[in-house]
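Right, one structure below, let's go through it.
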Amino acid sequence: MFTVRSAIVASVVVLVTSLVLGIVSLSRPPDSDGLSTDTYGTRWHGLRATYELLAELGVPLDRRVAPPPADLPLPTTLVLWLPNDELVSAEPAYLERLLPWVEQGGRIVVAPAPSDQPTVKILAAKKSTDVLTLLGLGGVQLAGRSALEIAGLAATDGIDEQDESEQASGRRTRIRRGAEQAWKDVQNPRSIPFDTVAVKGTGNLKETLAGVERIVLPHESTSDLAFNDSLESAAGLLRYTAADKTERILAASFQRGRGEIVVVAESSLAMNVKLAESDNAVFAYALLTDGGKRGVVFDEFYHGLSVRGNPLWLLTQSRYAVFSLVGSALIGLVILRRGMLLGPPLETLPKSRRTLGEYVEAMSRFLHRGRASTPFLLAEVRGGVLRLLAERYNLGAGEPTPEAVAGAIGRRAPAEAERFRAALGSLDAAQARGKSCSQSEALRAIQGISRCL
């Protein structure tokens, strides 16, 4: 039968079950089911192949889902491949703290996400601080179209143009469908043609990439690095000739103290899609390991994987926060419900008090338990009667005597004075007998003296 209690219990069961399932899912490896652009990614745009390639070649390798520390070993390359723009803007301090490590001899390879990346468009991300600016390379910018842009922009092909007079609702529907299709194509793109291009390194990249001569790039790729300052600020460049016969910069190296920061314009060079063709694998190995001299640490924090290992992060999301608050309130109601019994109020009983007669009877029984109770009772009655009569006739302070009390009574009523003397005599006689005085004699003496009051 459906009752309020059963509804509350069912809600609590649903809450506990969802929390348990959430914790179980959080305990799994943060692999994004292989769908993201990270070292767990198994789709065309993932980096799983590069990670396994370096592992097979015996390169000291690590993934870090925690924020990148500022105390990494110096002979290490930290790889920031397509870091999430939103996380970079929200957590810039970790990147800024890496600069002293680079100056001491550390090395960073960064492949920034293109500003026109479809996923960024779909999520409406607003870049307030980009990764290059945080690394001290604000004068370097990405230009052209990368593989991700080509895959996402291909989704606009086949969308029919509508009449100029279409309603606003129709435009919103078309934009929404286009965004959904763009997301699908990023995950599973249409056929993208690739070209093999010749590359040429200069400066320190010439030595690092000595074995790299030809690499595979998307046919429509125009990836390039634009410099606000002179090209002389770069310690090394990797150039290639695009399909339109123009020379472009594919990668650039910048010295910072005793360390180095390498910026890569085309992110597809380390992706699964064409790693096995031409010199792409050699390029990935030589670039990331600095020609085999360094170990490699892939940063996954700025891919958003770390949040899956922290259940408390869920409370920062509105849906989970509201659900947790509602669940806590339901649990509190259950505890409150079990702690009280609802029903008519209980009758308030007055406190039990003895009557004067019960008190006198109880005291009399108590006093009669002793052997000398009768003489004690007679003496107390005698003294009490004398004090009461002395107060009544204003005999003043001090212990009243029988003669003084009898004289005071006799001045007003001589007969009562004689009766008082007789009653007091009987009481004194009974008191004089001590323990041998019976209760009946004591009672008669007390009654006699009580009549004088």
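The figures follow:
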read-out	value
Residues located in the stretch 256-304, provided they are open to solvent by less than 10 Å² (accessible area, probe 1.4 Å), assigned to a strand (DSSP E or B) and among the acidic types (Asp, Glu)	299
Elements of type helices (runs of 4 or more DSSP H) in the stretch 347-424, at least 1 residues being over 23 Å from residue 435 (Cα atoms) and of a type in the set (Phe, Trp, Tyr)	356-367
Residue check for residue 78: assigned to a helix (DSSP H, G or I), modelled with pLDDT of 85 or more, closer than 28 Å to residue 31 by Cα and open to solvent by less than 50 Å² (accessible area, probe 1.4 Å)	no
Matching entry among 330, 388, 356 (being closer than 25 Å to residue 443 by Cβ, in contact with a Leu (Cβ under 9 Å, 6 or more places away or on another chain) and either open to solvent by 70 Å² or more (accessible area, probe 1.4 Å) or aliphatic (A, V, I, L, M) (or both))	388
Qualifying positions in the stretch 44-73 - within 35 Å of the chain's Cα centre (by Cα), more than 18 Å from residue 281 (Cβ to Cβ) and of a type outside the set (Asp, Glu)	63, 64, 65, 66, 67, 68, 69, 70, 72, 73
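So that you can scan it fast, the table gives a plain yes or no per residue for (1) in a strand (DSSP E or B); (2) open to solvent by 10 Å² or more (accessible area, probe 1.4 Å); (3) in contact with a His (Cβ under 6 Å, 6 or more places away or on another chain):
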position: 207; (1), (2), (3): no, yes, no
position: 210; (1), (2), (3): no, yes, no
position: 215; (1), (2), (3): yes, no, no
position: 226; (1), (2), (3): yes, yes, no
position: 238; (1), (2), (3): yes, no, no
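The values are calculated or read from the model by the stated rules, or taken from the named source; none is laboratory data. Nothing here was measured: the structure is a model prediction, and the numbers come from that model. All Cβ positions, glycine included, derive from the backbone under ideal geometry; neighbour counts span all protein chains shown. Ligands, DNA and RNA are stripped out before the accessible areas are found, and what is left, the full protein with its side chains, is counted by its heavy atoms. Shrake-Rupley method; radii C 1.70, N 1.55, O 1.52, S 1.80 Å.
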